[in-house]
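Contents: one structure, followed by commentary.
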Amino acid sequence: MKIAFVGKGGSGKTTLSSLFIRHLAASGRPVVAVDADINQHLGAALGLDESEAAELPAMGDRLPLIKNHLRGSNPRITSAETMIKTTPPGDGSRLVRICEPNAIYDACARPVELDGGAVRLMVTGPFTDADLGVACYHSKTGAVELFLNHLVDGRDEYVVVDMTAGSDSFASGMFTRFDMTFLVAEPTRRGVSVYRQYKEYASDYGVALKVVGNKVRGDDDLDFLHAEVGDDLLVTIGHSDWVRALEKGRPPRFEHLEETNRQSLRALHDAADATYELRDWERYTRQMAHFHLKNATSWGNERTGADLAAQIDPEFVLGERATAAV
């Protein structure tokens, strides 16, 4: 199951995604956690100190390796240099799975031990001064999009992505890659503005969206969120002494998280799992092709000097029975 956490900056989406990751790990599920935010804080939220977080290998710096691995023996892709962030898999491509080892995990993922389990953590890498004027952060998150495009995941397997803040998530087709998107919103006008943008844009693509109300202090906050987002409001999260201890770098064991917040995490888990029966791999594959053609015509063909539309394999459908190149 592929799950995204989105929201405006400061909404608490990184904290909420880290709590959900801890919940999944504690329940014994295999998890790949991905920090795709321009501000790289997921490692710290999962308990790494500053030096450990700084040593995590950046996916953005290993894009050639990722492309070469995923390309496999696909005859439609003449070279790794012609792959862009939306390049879809086809016959001969290497697919990746949650629990199976692969070269991308070897190069980019690091295990993070949590009380109750362990997860694989991958990060895009921070946006630095060297990127200014010559690139944009979307070139780094492109590594995540390629990974998701080639991912075959099943029931009770999870990839949780902490997405970049605000509407930047719409810069490519990555927002369509998820079975469930949780939008973290504070009970303020600014807090729900991203929800409106996301709802309007994502509805055309069948994106499953639920709102997590954060920093809710009372009935007035709850009434505001109900009025603004209606039935999309799934759960709310209030003050947490456990989270405050986490932010100080001294989190208690996860089993001591407040029961009301544990119930909210179980509700997120149930909502995500409920989307499994709604999966439509043919639509998912068509959406990959749709965004790839948009990127090809707008900038990809000119940048690579290739006809990127030819990379689309019309006979290939990604799915749990899809086979990968060796």
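The values are calculated or read from the model by the stated rules, or taken from the named source; none is laboratory data. Just so you know, these numbers come straight off a predicted model, no measurement behind them. Backbone-built Cβ (ideal geometry, glycine too); neighbour counts: all protein chains shown. Heavy atoms of the whole protein, side chains included, go into the accessibility calculation; ligands, DNA and RNA do not. Shrake-Rupley method; radii C 1.70, N 1.55, O 1.52, S 1.80 Å.
Some observations on this one:
- Taking amide H as placed 1.01 Å from N in the peptide plane, the amide H of Gly72 sits under 5 Å from that of Arg94, each at least 5 places away or on another chain.
- Partner aspartates and glutamates for Lys67 [C-alpha distance under 12 Å; skip if fewer than 8 residues away on the same chain]: Glu81, Glu145
- Straight-line cross-link partners of Lys210 among the lysines, defined as a Cα under 18 Å from its Cα and at least 8 positions apart when in the same chain: Lys2, Lys8, Lys13, Lys199.
- Selected from Thr87, Thr275, Thr285 as most flexible by GNM, with the chain as the system and alpha-carbon contacts under 10 Å: Thr275
- Residues of the stretch 233-308: accessible area per residue with a 1.4 Å probe, Å²: 59
- Gyration tensor verdict on the stretch 1-104 (Cα atoms; rounded if a/c is under 1.5, prolate if a/b is larger than b/c, oblate otherwise): prolate
- Qualifying lysines (Cα of each under 18 Å from Cα of Lys294; at least 8 residues distant if same chain): Lys85
- Computed over the alpha-carbon atoms, the stretch 67-123 gives an Rg to Rh ratio of 1.09, Rh here being the Kirkwood radius from the mean inverse distance.
- Reported label for calculated Kirkwood radius over Cα pairs in Å given (i) 22.7; (ii) 21.2; (iii) 20.1: (iii)
- Accessible surface area normalised per residue over the stretch 1-160 is 36 Å², counting heavy atoms of protein chains with a 1.4 Å rolling probe.
- Taking label positions 7 Å along the Cα-Cβ direction at both Glu277 and Ser51, the computed distance is 5.1 nm, reported to one decimal.
- Near-label residues of the stretch 217-235 by backbone N, under 20 Å of a point 7 Å along Cα→Cβ of Gln263: 217-226, 231-235
- Counting only DSSP beta bridges whose two residues both lie in the chain, roughly 15 percent are antiparallel.
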